[in-house]
Every structure is written in structure tokens, then in C-alpha cells.
1. Is the stretch 169-178 home to any residue that is part of a strand (DSSP E or B) and farther than 26 Å from Val60 by Cα?
2. Limited to the stretch 39-69, what total is found for residues that are closer than 17 Å to Lys123 by Cβ and among the basic types (Lys, Arg)?
3. Within the stretch 106-118, is even one residue outside any strand (DSSP E or B), under 26 Å from Val180 (Cβ atoms) and in contact (Cβ under 8 Å) with a residue 12 or more places away in the chain?
4. Which count do you get for residues in the stretch 21-40 that are modelled with pLDDT of 95 or more and in a helix (DSSP H, G or I)?
Amino acid sequence: MQRLVMFSFAMLVPVAAGIGGVWAQSGSPAVSTAVTKAEIEAVLKYPEGGGDRQIKVVDVGKLNVAVGVLHRGAVKDTGWPVRGLSHTQVTEVYYITSGAGTLVTAGTLVDQKPMPADAEVVKVAVGPSITSASQNGQTRQVAAGDIVVIPAGMFHGWKEVPDHVTYVSIRPDPDRVLPVGYVNPAIK
């Protein structure tokens, strides 16, 4: 077993070094970016920004990656349809940090309306988006510790939140519609 582990490690090091060389040659950024717990908390406490607050937008080479934090208070289940959004160019990866709720994705969409291009959330956090309602989407219970991947163009909205749900959103942005270099005013 020890020999197998050593062999695997010996094979991995040159591969990783080769990949690192390719990354360096392709013009990837030379520094990493951190989003600290203190920054997330500061952005959540900042009095401006609404329920969806971008923290940072970073150029990572072939695409931008944004990190935001969202907080929703209680949402009562009123049945169908469920109101929500779809972001036409930006994928979201939710990491639920506290609370729980029933998240709806996809479904048959009605009452679709583009969000105003000059809305702050569109310009800074999610890019071009559509508000709509889903009549029969996929429902899932999510709680602290869960991760949900929502591809660009997919409807998502909350059917029910008993108390609250707070979540970090990682947003791959291959079309670079979000403002690279953005830093939330709460942490500038």
C-alpha cells in the first residue's frame, strides 16, 4: 500500500508541475483572492444592498468569478406558482451557511420579464436576468452545509423559508458580464 501511495504521488507531482507551467504561460493571474468570514459578515451587516450582495469579482484568466452573499427572511408557502429569477449568462453555486428552506429550480415558466439592465443587482451581481414564476419546478429542501449548482438560464426561487436562509454564491462568469475588480463598499 505504501508503495502504491508513493508511486501515485511521484506520478502526480510532474503532472501538477506541468499544469502549473501551462497556467503560468496562459496569462492566469499571479495572485489568489480570499473572501474572509469577516468580509462576508461585514457585507451582510452593511445597510445598503438588499438581499443579494456581491462581495468581490475576480478575473481568473479565461473567466471572471464572483462571490456574493444572500440572505432571505421567512417566506410563506403559498402554493404554485413560485416567483424567482434566471440569470442568462451567470451560473451560481450556493453554499447554505445558515437556516433552511425549500428551493425551486426549473419548471414551466410564466410571466417572464427582463430585469432592468441598469438595476444594481444586474450590473454588479448577476448579469442579465429574467424574473418569472415557475408552475411546477423541481423542489428540494436545503439547509446549512448543503451546496446547490444552478446553471445559467435556470429558474430558481424560494417556495418556503421557515425562518431565514443565508448562503454564499460563487458565480462563474465566462462572458465577463460582471465588473472585474468590484469590491463591496462595506469592505473597501
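The values are calculated or read from the model by the stated rules, or taken from the named source; none is laboratory data. Keep in mind the model is a prediction, meaning the values are calculated, not measured. Cβ: placed from backbone, ideal geometry, glycine included. Neighbour counts: every protein chain shown.
1. Going residue by residue through the stretch 169-178, those that are part of a strand (DSSP E or B) are 169-173.
From what's left, farther than 26 Å from Val60 by Cα: none.
Checked the stretch 169-178: no residue is part of a strand (DSSP E or B) and farther than 26 Å from Val60 by Cα.
2. Here the count works out to 2.
3. Looking for residues that are outside any strand (DSSP E or B), under 26 Å from Val180 (Cβ atoms) and in contact (Cβ under 8 Å) with a residue 12 or more places away in the chain, one finds at least one in the stretch 106-118, hence yes.
4. Here the count works out to 4.
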